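The values are calculated or read from the model by the stated rules, or taken from the named source; none is laboratory data. Computed from a predicted model, the values in this text were never measured in an experiment. Cβ: placed from backbone, ideal geometry, glycine included. Neighbour counts: every protein chain shown. Each accessible area value is taken on the protein alone, full model and side chains, heavy atoms only, with ligands, DNA and RNA left out. Shrake-Rupley method; radii C 1.70, N 1.55, O 1.52, S 1.80 Å.
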Amino acid sequence: MARIAVAVSGGVDSLCALCRLREQGHELLALHGLFLPPVDASTTAGGSLPPGGLPLSAEEDAPRLWHVPTTADGPRAPLAPAMPASLSGDGAAAISPALPGLSEACRHLGVPLYLLDARERFSRAVIRPFVRAYAQGRTPNPCALCNASIKFGVLREAAHRLSAERLATGHYARCAVHPTTGQHLLVPAADEQKDQAYFLALVPSEALRHALFPLAGLTKQDCRAIVAAAGLTVPLPAESQEICFIPAGEDAYRDFLRRHWAADGISPPPGGPVLLRTPDGERPLARHDGLWRYTEGQRRGLGIAHSEPLYVLGKDLARQALLVGGRAQLAMRGCHTGPANCFLPPAAVKPLFDAPLFVRLRYRQRPVPAEVRLQPDGCLHIRLDEAQAPHFPSAPGQIAAVYDAEGRLLAGAVIDTVF
């Protein structure tokens with residue numbers, strides 16, 4: 001059997017992945033990523049683990065691995081220094097609320113547990129781009145960036161350092177081998193309501209060759225039942241629906257962005273006009289306090305009195321103008337993207353793009369027929385099928401995921417402009 005690292009967050013899905021692979025008899029290790037600041041920064045000097053750990057590279061701020069001792073550890077487990085004893089119990093909970101519960105679950109299952117301190121890398125690869133994108137009037141998708149650079153980037157590096165052949169996660173996704181090229185492609189999971197292939201559209205194809213998705217054929221109810229049957233208590237039972245690094249609260253987004261803009265020396269985006277789009281052109285309707293407060297398709301929270309409900313139709317960055325209009329005007333014909341992450345070699349991609357394709361521009365949107373052209377610079381030009389118009393608008397910064405007629409994910413890219 002293979003040696004597999006299982007990324008465990010503390011939720012039911014990743015614990016279910018651990019249970020499933022254990023039932024299959026694989027040699028397992030659990031890998032818990034530390035990405036967010038500690039709950040209580042006073043628990044350790046500077047709110048961090050003390051110096052030490054096993055660095056993943058020679059970089060000064062390289063992520064570091066720690067072994068979390070449990071009574072389940074076998075002779076091969078300590079491939080990284082042990083986490084300091086002072087950080088057990090309440091100290092561990094302050095660093096990561098899931099850590100004490102994961103330690104107990106791994107002890108119960110007989111699986112060694114490792115902690116990866118990747119907070120600096122997460123900040124650099126996910127939080128800072130998120131903050132900069134909002135300052136530019138975009139609506140970024142941090143989960144897609146995290147999956148590409150952290151879940152199947154840094155965690156994959158850590159798994160390799162721990163001599164694991166593959167990395168398993170609790171994503172609801174499935175891999176299939178393309179019948180002619182032999183490449184690994186993502187296809188819909190059994191539970192279409194939970195399928196997360198869209199959020200994996202930026203993951204490099206090479207990473208998929210070493211990925212495992214044990215939940216591919218399961219539903220959420222199946223996962224809960226499997227974890228309960230294993231006698232485990234889920235450390236973080238609440239379903240995560242929001243962005244993990246922004247605290248809950250009505251003004252949390254705004255406070256978070258303002259704080260990080262100040263820390264990075266970014267001036268808050270200025271206000272500007274709200275322009276009502278009519279058949280006769282545009283006319284001023286109000287003023288807004290910054291385009292970053294809005295996203296395409298938004299209706300609630302505009303704070304503008306009008307004779308009919310208004311929606312955000314788009315943003316004119318050159319004029320710092322917010323374009324609004326009625327529901328009948330809320331549609332898009334297509335988009336241009338940045339460089340695409342293609343899951344097939346270039347020679348195989350272009351012929352496939354001449355066949356009927358489908359595109360998903362929002363997570364909850366069903367893929368729609370589209371004409372997709374791969375540009376010489378590697379970007380995508382996407383024109384949606386007009387026969388199925390109107391198409392609810394997506395936003396620059398979101399993900400365009402391209403599928404073939406069999407539902408195989410061929411490419412993913414960040415939307416640059418919409419039209």
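Residue count for the stretch 269-304 under the criterion of being within 15 Å of ALA318 (Cα to Cα) and surrounded by fewer than 16 Cβ atoms within 10 Å (Cβ to Cβ): the result is 2.
In the set (1) in contact (Cβ under 8 Å) with a residue 12 or more places away in the chain; (2) closer than 17 Å to GLN320 by Cβ, ASP264 fails one condition alone, (2).
Of all residue pairs spaced 6 or more apart or on separate chains, those with beta-carbon atoms under 7 Å, a first member in the stretch 98-114 that is β-branched (Val, Ile, Thr) and a second member that is open to solvent by less than 30 Å² (accessible area, probe 1.4 Å) are VAL111/LEU18; VAL111/LEU28; VAL111/LEU29; VAL111/ALA30; VAL111/ALA72. Pairs meeting the criteria (first residue in the stretch 289-300 and without any contact (Cβ under 8 Å) to a residue 40 or more places away in the chain, second residue open to solvent by 40 Å² or more (accessible area, probe 1.4 Å) and not β-branched (Val, Ile, Thr), beta carbons under 8 Å, at least 6 apart or on different chains) are GLY290/PRO268; GLY290/PRO270; ARG293/ARG254; ARG299/PRO309. Out of contact with any Gly (no Cβ under 7 Å at 6 or more places or on another chain), of a type in the set (S, T, N, Q) and either open to solvent by 30 Å² or more (accessible area, probe 1.4 Å) or at pLDDT below 90 (or both): does that describe GLN329? Taking the combined requirement at face value, the residue satisfies it. Hey, can you tell me all the residues within the stretch 365-412 that are outside any strand (DSSP E or B), in contact (Cβ under 8 Å) with a residue 40 or more places away in the chain, of a type outside the set (S, T, N, Q) and more than 25 Å from PRO179 (Cβ to Cβ)? Matches in the stretch 365-412: GLU386, ALA389, PRO390, PHE392, PRO393, ALA395, PRO396, GLY397.
Residues of the stretch 372-395 that are over 20 Å from CYS342 (Cβ atoms) and open to solvent by 20 Å² or more (accessible area, probe 1.4 Å): ASP385, GLU386, ALA387, GLN388, ALA389, PRO390, PHE392.
Scanning the stretch 351-371 for residues that are more than 26 Å from the chain's Cα centre (by Cα) and loosely packed, with under 13 Cβ neighbours inside 10 Å gives PRO351, ASP354, ALA355, PRO356.
For beta carbons closer than 8 Å, sequence separation of 6+ or different chains, a first residue in the stretch 330-341 that is closer than 18 Å to PHE358 by Cα and in contact (Cβ under 8 Å) with a residue 40 or more places away in the chain and a second that is among the basic types (Lys, Arg) and part of a strand (DSSP E or B), the qualifying pairs are ARG333/ARG383; GLY334/ARG383.
Within the stretch 179-192, restricting attention to residues that are assigned to a loop (DSSP other than H, G, I, E, B) and in contact with a helix residue (DSSP H, G or I) (Cβ under 8 Å, 6 or more places away or on another chain), the residue that is modelled with the highest pLDDT is ALA189.
In summary, helices (runs of 4 or more DSSP H) completely within the stretch 94-145 and bearing 2 or more residues that are open to solvent by less than 10 Å² (accessible area, probe 1.4 Å) occur at 99-109, 128-135. The residues of the stretch 255-268 that are farther than 22 Å from ARG319 by Cα and part of a loop (DSSP other than H, G, I, E, B) amount to a single one, GLY265. Within the stretch 73-93, the set of residues being surrounded by 13 or more Cβ atoms within 10 Å (Cβ to Cβ), of a type outside the set (Ser, Thr, Tyr) and modelled with pLDDT of 70 or more comprises PRO78, LEU79, ALA80, PRO81, ALA82, MET83, PRO84, LEU87, GLY91, ALA92, ALA93. Reported count of residues in the stretch 313-351, each being charged (D, E, K, R), assigned to a loop (DSSP other than H, G, I, E, B) and over 24 Å from GLU371 (Cβ atoms), is 1.
Within the stretch 174-205, work out how many residues are β-branched (Val, Ile, Thr), surrounded by fewer than 21 Cβ atoms within 10 Å (Cβ to Cβ) and in contact (Cβ under 8 Å) with a residue 24 or more places away in the chain. Quick ask: steps written out before the conclusion?
Looking only at the stretch 174-205, we keep the residues that are β-branched (Val, Ile, Thr), and these are 177, 180-181, 187, 203.
Cutting the leftovers down to surrounded by fewer than 21 Cβ atoms within 10 Å (Cβ to Cβ) gives us 177, 180-181, 187.
So of that shortlist, the ones also in contact (Cβ under 8 Å) with a residue 24 or more places away in the chain come out as 180-181, 187.
The qualifying residues number 3.
Whenever a residue of the stretch 1-22 is touching a residue at least 12 places away in the same chain (Cβ under 8 Å) and on the phi < 0 side of the Ramachandran plot, its partners that are assigned to a helix (DSSP H, G or I) and of a type in the set (Val, Ile, Thr), lying with C-beta atoms within less than 8 angstrom and at least six residues away or across chains, give the pairs VAL12/VAL227; LEU15/VAL227; CYS16/ILE226; CYS16/VAL227; CYS19/ILE226; CYS19/VAL227; ARG20/ILE226. When LEU155, LEU167 are checked against the criterion of being under 30 Å from ILE266 (Cβ atoms), buried (at least 18 other Cβ atoms within 10 Å of the Cβ) and modelled with pLDDT of 95 or more, LEU155 stands alone in meeting it.
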